[in-house]
Amino acid sequence: MSAPHIILTAGPTIEPIDPVRFLSNHSSGRQGFALADALAQRGAQVTLVSGPVGLPTPGGVTRVDVQTAIEMRDAVMAALPADAFIGVAAVADWRPAVRHTAKLKGEKAELTRLELVENPDILKEVARLDASRRPALVVGFAAETAPGPDELEKLARAKLERKGCDLIIANDVSGDVMGGEENSVLIVSRETSRSLPRAGKGVIAAHLGDSVMALLHTPSRG
Ligand code: CTP
């Protein structure tokens, strides 16, 4: 088999309010970049569509920088076809309905009633592409504050169905995972679930890289 093409999203998106203000989140991009690196090291051809982060591009990875969720969606669609899509980005679910071209001034009356509109759900859109364009393996991440592992699995499986993807990598974000160095994850498919012990994001990325590459070399996945 020739090198599989894998598209990943990573980091936050930022959604401008005006030229100096935006809505965003604390995603550092570390997990997505570590996974892109692990996959490239395992021989994949990797396209990394990244929101604004302060991280170097891993060796051998093609990087596309974007700012907003719409730009991220468009960059992902432009990078198809692919054998796998992995959504690691913390995409802002909402964006301001109006992007002011001039800086909001004075008493900021506008900011007391900021109207928001929903952003595209990139993972769901990729998972629901028609068979000719859909990557064979579509993987999402889920950040959950679950009271225990059973609840985490239940939430992950519900998200798997809702998004229409093949795997969910569920994070328990009760601690300081967003922006932190360590992560503990549960890998959930329709039939199985496997937990990885709490470890650095590099170690987690290596395990996930192995799992993804193994699934891409197995005709029936689950
Ligand atoms: N995702 C995406 N586009 C969005 C929102 C999310 O591609 N507009 C992807 C993320 O990259 C991730 C997964 O979907 O792979 C996360 O799903 P989401 O529903 O946002 O889950 P949480 O962030 O965990 O939040 P919630 O459960 O509150 O919906």
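Laid out as a table, the results:
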{"read-out": "Some residue of the stretch 26-47 being at pLDDT below 95 and either surrounded by fewer than 16 Cβ atoms within 10 Å (Cβ to Cβ) or over 14 Å from the mean Cα position of the chain (by Cα) (or both)", "value": "yes"}
{"read-out": "Residue check, S189 more than 9 Å from the ligand (Cβ to nearest atom), of a type in the set (S, T, Y), under 19 Å from G32 (Cα atoms) and surrounded by 14 or more Cβ atoms within 10 Å (Cβ to Cβ)", "value": "no"}
{"read-out": "Residue check, P52 over 16 Å from the mean Cα position of the chain (by Cα) and either farther than 22 Å from V185 by Cα or at pLDDT 95 or above (or both)", "value": "no"}
{"read-out": "Failed item, numbered, when V20 is tested on (1) buried (at least 18 other Cβ atoms within 10 Å of the Cβ); (2) hydrophobic (A, V, I, L, M, F, W, C); (3) out of contact with any Pro (no Cβ under 6 Å at 6 or more places or on another chain)", "value": "(1)"}
{"read-out": "First in the stretch 83-105 and closer than 16 Å to V138 by Cα and in a loop (DSSP other than H, G, I, E, B), second anywhere and within 16 Å of the ligand (Cβ to nearest atom) and of a type in the set (S, T, Y), Cβ under 9 Å, 6 or more apart", "value": "V88/T9; V88/S27; A89/T9; A89/T13; A89/S27; A89/S50"}
{"read-out": "Within the stretch 145-161, tally of residues that are near the ligand (Cβ under 10 Å from one of its atoms) and either within 11 Å of S174 (Cβ to Cβ) or surrounded by fewer than 12 Cβ atoms within 10 Å (Cβ to Cβ) (or both)", "value": "1"}
{"read-out": "Contacts under 6 angstrom Cβ, first residue in the stretch 8-21 being on the phi > 0 side of the Ramachandran plot, partner within 10 Å of the ligand (Cβ to nearest atom) and at pLDDT 95 or above, 6 or more apart", "value": "G11/A89"}
{"read-out": "Residues located in the stretch 15-45, provided they are part of a loop (DSSP other than H, G, I, E, B) and in contact with a Gly (Cβ under 7 Å, 6 or more places away or on another chain)", "value": "H26, S27, S28, G29, R42"}
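The values are calculated or read from the model by the stated rules, or taken from the named source; none is laboratory data. As the structure is a computational prediction, the values presented were derived from the model and not from experiment. A quick note on method: Cβ atoms are made from the backbone with ideal geometry, for glycine too, and the neighbour counts reach across all protein chains shown.
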